[in-house]
1. Give me D for the chain in µm² s⁻¹, whole number, from Stokes-Einstein with Rh from the Kirkwood sum over alpha-carbon pairs, 10 °C and 1.306 mPa s.
2. Against the globular-protein guess of 2.2 N^0.38 Å, express the Cα radius of gyration of the stretch 1-109 as a ratio, rounded to two decimals.
3. Over all directions, average the projected area of the Cα convex hull of the stretch 301-354 and note it in nm².
4. What do you get for Rg/Rh over the stretch 1-40 if you use C-alpha atoms and the Kirkwood form of Rh?
5. Along Cα→Cβ, 7 Å out, is where each label goes; now give me the distance between the ones at E79 and E56 in nm to one decimal.
6. Under 17 Å Cα to Cα from K184, which lysines show up? Leave out anything in the same chain fewer than 8 places away.
7. Once ligands and nucleic acids are excluded and a 1.4 Å probe is used, how much of K189 is accessible, expressed in Å² to the nearest 10?
8. For T284, list long-range residues whose amide hydrogen, built 1.01 Å from N in the peptide plane, is under 5 Å from its own amide hydrogen.
Amino acid sequence: MHPITIIGTGLAGYAVARELRKIDKDSPLKLITNDDGNFYSKPMLSNAFAKNKTAEALITTPVAKMAEQLNAEILTHTEVTDIKSLNYSKLVLALGAKPISLSDKILSVNDLTDYANFRNVLKDAKTVAIIGAGLIGCEFANDLQQYGNFQVSLIDPISHPLGTLVPPEVGQSLKAALENIGVKFYLEKAIKHIDSGYKLTLTDNTVLEADVVLSAIGLRPRIDLAADLAVKQGIIVDKYLKTSADNIYALGDCAEVEGIFLPYVMPLMNSARALAKTLAGQTTAVNYPAMPVVVKTPAYPIVVSPPAAGIKGKWKIEADKENIRALFYTEQQQLSGFVLTGTKVAEKASLTKQLPSIL
Ligand SMILES: Cc1cc2nc3c(=O)[nH]c(=O)nc-3n(C[C@H](O)[C@H](O)[C@H](O)COP(=O)(O)OP(=O)(O)OC[C@H]3O[C@@H](n4cnc5c(N)ncnc54)[C@H](O)[C@@H]3O)c2cc1C
């Protein structure tokens, strides 16, 4: 019998395997990955200085232990280049997303190997320039400035950090809090020219030099392997996580579920639970309740549950000094998203209950 085969051993691949083993202990199971297969939690990459962890210390379960726990064969350092070459009963694509690259000279951090490399170049560094003031850029800025003791500069063409996720009031307060710990902002400026990995000319002709430059301008789902499948932003799957081909499924950062692309941990955990049941023979639809994301900026705590993409409505903002409750109401006056900051983050659970399900 051919094995159930999972490509990818990130949080998504391993979550499906774990969930499957809770309900099916014996079906042959194979995981294939082009990395080393050691288990780690990717969100820890952007607060590892705060937790005082090196890349190696972030590994919570080595690959051999994962294989034993999962009763699975795990092929490491094995790049799949064509899914037609595989023999499987059911195939799961958990391929993740890859950083959008500005230049080969600029680092990005999207896995443990990247992080080990990053820590290595930081050894001799004092200053770090981060391109992109989104979630990951802001988290790294906070971590490196406050806990790593680097001088961090954060560059973005938008007018406030976390631009697309939060209303401007929240972005401005986050900016003030990060400035307060020493981060320097270069907003409403893009990169015009990169002389070497270390010298950046911005669109207003500011020249910025840093010992290390980190790009955090976003990730793109890995869809190369899905050449014969329907793809859009990510690999298109229905509510059963099924791709356009029979017996091939996808989840995590490489997939868009019923047109929704949510590259975060909670959606992939929900997907993994449903998909495991389907793989075990009990076809199950995924359920997405509202799933707030905690932004790991200890200088200014933020929880975000963004409204669905494209939905029309308005933010209603209440602020008590820097503590903000921003509620997003649709044109029909339905609460459909929120952002909480400072002491207001304590309201996360009660507000989440009031939000409609996403799927
Ligand atoms: C710095 C950072 C901080 C984050 N913080 C948060 C947070 O606080 N909260 C939150 O909810 N989300 C956070 N996220 C997002 C979250 O970590 C991701 O959504 C999640 O880890 C994605 O898991 P994945 O398994 O889909 O992808 P990945 O972890 O990228 O795994 C993909 C796997 O596929 C393998 N692979 C790919 N192509 C092939 C191939 N052709 N052949 C073989 N193997 C292949 C890779 O080697 C890897 O094992 C963060 C992301 C980053 C980068």
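1. Details: Rh = 21.6 Å.
Rounded to a whole number, D works out at 74 µm²/s.
2. Details: Rg = 15.4 Å, N = 109, 2.2 N^0.38 = 13.1 Å.
Rg over 2.2 N^0.38 Å, computed on Cα atoms: 1.17.
3. Working: hull surface 14.2 nm².
Quarter of the Cα hull surface area: 3.6 nm².
4. Values: Rg = 10.1 Å, Rh = 10.5 Å.
Rg divided by Rh gives 0.96.
5. 2.7
6. Excluding near neighbours in sequence, the set is K126, K175, K199.
7. Approximately 50 Å² for this residue.
8. The list, which skips near neighbours in sequence, is T278.
The values are calculated or read from the model by the stated rules, or taken from the named source; none is laboratory data. Since the model is a prediction, treat every value here as computed from it, not as a measurement. With ideal geometry, Cβ positions are generated from the backbone for all residues, glycine too; neighbour counts draw on all protein chains shown. Quick note on the areas: whole protein, heavy atoms, side chains included, nothing else; ligands and nucleic acids left out. Shrake-Rupley method; radii C 1.70, N 1.55, O 1.52, S 1.80 Å.
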